[in-house]
Structures are given as C-alpha cells and as structure tokens.
Amino acid sequence: MDSTLWALMGLAFLLVITPGQDTMLVLRNVMLRGKFAGIATGVGACCGLFVHATLSVFGLSAVLLYSATAFSILKIMGACYLVYLGGRSLWGAWRGEALPDGLGMEGAQLLRGNMGQLRKAFGEGFMSNVLNPKVVIFYFAVLPQVIGDPALIIRDTLFFVGFQFVIAVIYLTLLSMFLGHVRHVLLRPAFKRKLETVTGGLMVVFGVSLALEQAP
C-alpha cells in the first residue's frame, strides 16, 4: 500500500473514533436496552458503510452531491430521523418512564427473549448511517483517491470499506461493552433521566444542524 492509502486509512480511523450521531445512538441504546443492543446498533451503523460505498461505485453519490434537490431530500430525511429518536428519549426522560420489562437482561437470556429489540437496534444504527449525507460526501471525496486501477474499483473499494467496517465494529463494540459494565450505576433513576435528556438533546441538535447544513 502506498502512503496515500495509509493516510486515507488513518483518516477513516479518526472519523470512526470521533464522537458523532452513531456514537450517540450507541450510547442511547446501551442505556435503554443493554450492551448487546449497543453492539447491534454499532454493527447496523457499520453495515450502512457498504450502502454508501455501493452508491459511490455506481456514481449515485455524485448525483446526490451535485443535485441540490436530491441532497436536500436525503438531508431532511436524516434530520427527521435523528430528531425523532432524540425526541423519543426526551419524552421518556420527561415522563420518567422506567425501562420496559426485559430490556435490562444480558447474555443468553437477552439473546433468546429480545431478538426483536436487537433487530430494532440494528435497524436504528443502519438507518442513522445510511441517511447521513456527510458519509455520502466522505465516500465520494475519498474513494477516487483509494482506487489505483479503474479496473479494480470494486476490489479497492471493498478493501477500504472493509477496513473501516472492522475498525468501527471493534471500536463501537468495546464502547458498548464498557458502557454495559457501568450501566447499572448510570441507570439510577435521577441520573438516568439526566442521561436520556442529554443524549436525546444531542441527537436533536445533530438533526437540526444536519437540516440547516447547506448542500456542497
């Protein structure tokens, strides 16, 4: 690998560990449903990377990037989704709702009884990433630098996205496991309401800032 590819992989790593909407969503779901839900959220968000890579390979990212209408539609959809998730957290914190029965279980008991919750967490992470136009811009800007031979575009793209996927899954899994270990302390009623308020508020802020962002 040449120095350019190493530099781009370093950039991908920095983007993974920089707190953003996917990290906030993982934090929210660990607190609400446990560490396995956080891991599922992270894996879902990482799977969204392959959608963006596919769009970039087939040139659809260029359409989204240079079409103000298409970019605005994607941006508003992503913003509305974030505001919806954040609003749910704020509503739950305001009402002082307790965790639903069974969502606090871990291990094999959770895997047997709450697969629906894990699928929901996976879907939330996936949609959060897919509807993020900033990822579209990143892949459209980076992938042309990654591809050395146009004939090997699929191989080079999969290599780069696979690297980012592995790094992101490892990071978000470790984060979920750490949060899971301290979850019982953090979920004391008073602290839980404050945490839900903060995470929900941050997601709403992410959504609003995304809605106000101008097309490139």
Per the filter on segment 155-179, residues without any contact (Cβ under 8 Å) to a residue 40 or more places away in the chain and either surrounded by 14 or more Cβ atoms within 10 Å (Cβ to Cβ) or under 19 Å from PRO19 (Cα atoms) (or both) are ASP156, PHE159, VAL166, ILE170, LEU174, PHE178
Inspect all residues belonging to segment 86-101 and state whether any of them is assigned to a helix (DSSP H, G or I), modelled with pLDDT of 80 or more, out of contact with any Lys or Arg (no Cβ under 8 Å at 6 or more places or on another chain) and open to solvent by less than 40 Å² (accessible area, probe 1.4 Å). yes
Considering only segment 35-57, how many residues are modelled with pLDDT under 85 and open to solvent by less than 30 Å² (accessible area, probe 1.4 Å)? 1
For VAL136, indicate whether it is open to solvent by 60 Å² or more (accessible area, probe 1.4 Å) and either out of contact with any Asp or Glu (no Cβ under 9 Å at 6 or more places or on another chain) or modelled with pLDDT of 70 or more (or both). no
Of the residues in segment 186-216, how many are loosely packed, with under 14 Cβ neighbours inside 10 Å and either at positive phi or at pLDDT 70 or above (or both)? 3
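The values are calculated or read from the model by the stated rules, or taken from the named source; none is laboratory data. Everything numeric here is computed off the predicted structure, so don't read it as measured data. Cβ coordinates were reconstructed from backbone atoms using ideal geometry, including for glycine residues, and neighbour counts include every protein chain displayed. To get the accessible areas, we keep the full protein, side chains included, count just its heavy atoms, and leave off ligands, DNA and RNA. Shrake-Rupley method; radii C 1.70, N 1.55, O 1.52, S 1.80 Å.
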